[in-house]
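Worksheet: one structure, shown below.
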Amino acid sequence: MRKLILTAAAVLALSAPVYAEMSREIDSDLFNVAHLMMGEAGYTDSTERRLTASVLLNRVDSDKFPDTIGECLYQPGQYSTVRDGGPFWNEPTADCWKDAEELLTQWYETGETDLPENVLYQSLFPQGTGTHLISGWGQYFCYG
């Protein structure tokens, strides 16, 4: 289930424990998306980082994958940079943090990412049911 960005009035209406739990989830989403951008597309450009993270967010919305960012990201066999101790574990650049925050805000508010909702794979080779696009950095973004 997608989390919603809360207005100030909505935050004030929440009890402190409920707000604290929601804050941890939102912070965790930002942490996970910024680190995914760093791990999979860190020193590329904003478009590449956003496309990469869009695949993750599309997976959350798909019935083919788990329902949260964390569950999709840490799912066995999905992201080698997470599993193998790659650049995912490095501190994201300021651009990764900025792009992650902007993409998450877009997704929370509209439910949309930078890719069609059925683009569920990103890799150095084609997979799934067909290729949506090949980025300027050589990544294949494929239908699920």
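The values are calculated or read from the model by the stated rules, or taken from the named source; none is laboratory data. Owing to the predicted nature of the structure, the values given are computational and were not obtained by experimental measurement. For neighbour counting, all protein chains shown are included, and Cβ atoms are generated from backbone atoms with ideal geometry for every residue, glycine included. Remember, those area values only see protein heavy atoms, side chains included, never the ligands or the DNA or RNA. Shrake-Rupley method; radii C 1.70, N 1.55, O 1.52, S 1.80 Å.
Observations, loosely collected:
- Selection from the stretch 81-105 of residues that are in a helix (DSSP H, G or I), open to solvent by 30 Å² or more (accessible area, probe 1.4 Å) and in contact with a helix residue (DSSP H, G or I) (Cβ under 9 Å, 6 or more places away or on another chain): P87, W89, D95, W97, K98, E101, E102
- Qualifying residue in the stretch 26-39 (condition: among the aliphatic types (A, V, I, L, M) and not in a helix (DSSP H, G or I)): no
- Subset of the stretch 54-72 that is buried (at least 22 other Cβ atoms within 10 Å of the Cβ) and among the aliphatic types (A, V, I, L, M) - its residue that is nearest to G136 (Cα to Cα): V55
- Among (1) loosely packed, with under 14 Cβ neighbours inside 10 Å; (2) in contact with a helix residue (DSSP H, G or I) (Cβ under 6 Å, 6 or more places away or on another chain); (3) modelled with pLDDT of 95 or more, the one test that I5 misses: (3)
- Meets criteria (in contact (Cβ under 8 Å) with a residue 12 or more places away in the chain and within 21 Å of D29 (Cβ to Cβ)) for L57: yes
- For L51, the conditions (1) without any contact (Cβ under 8 Å) to a residue 60 or more places away in the chain; (2) in contact with an Asp or Glu (Cβ under 7 Å, 6 or more places away or on another chain); (3) open to solvent by less than 70 Å² (accessible area, probe 1.4 Å) all hold with the exception of (1).
- Meets criteria (closer than 22 Å to S46 by Cβ, in a loop (DSSP other than H, G, I, E, B) and without any contact (Cβ under 8 Å) to a residue 24 or more places away in the chain) for E112: yes
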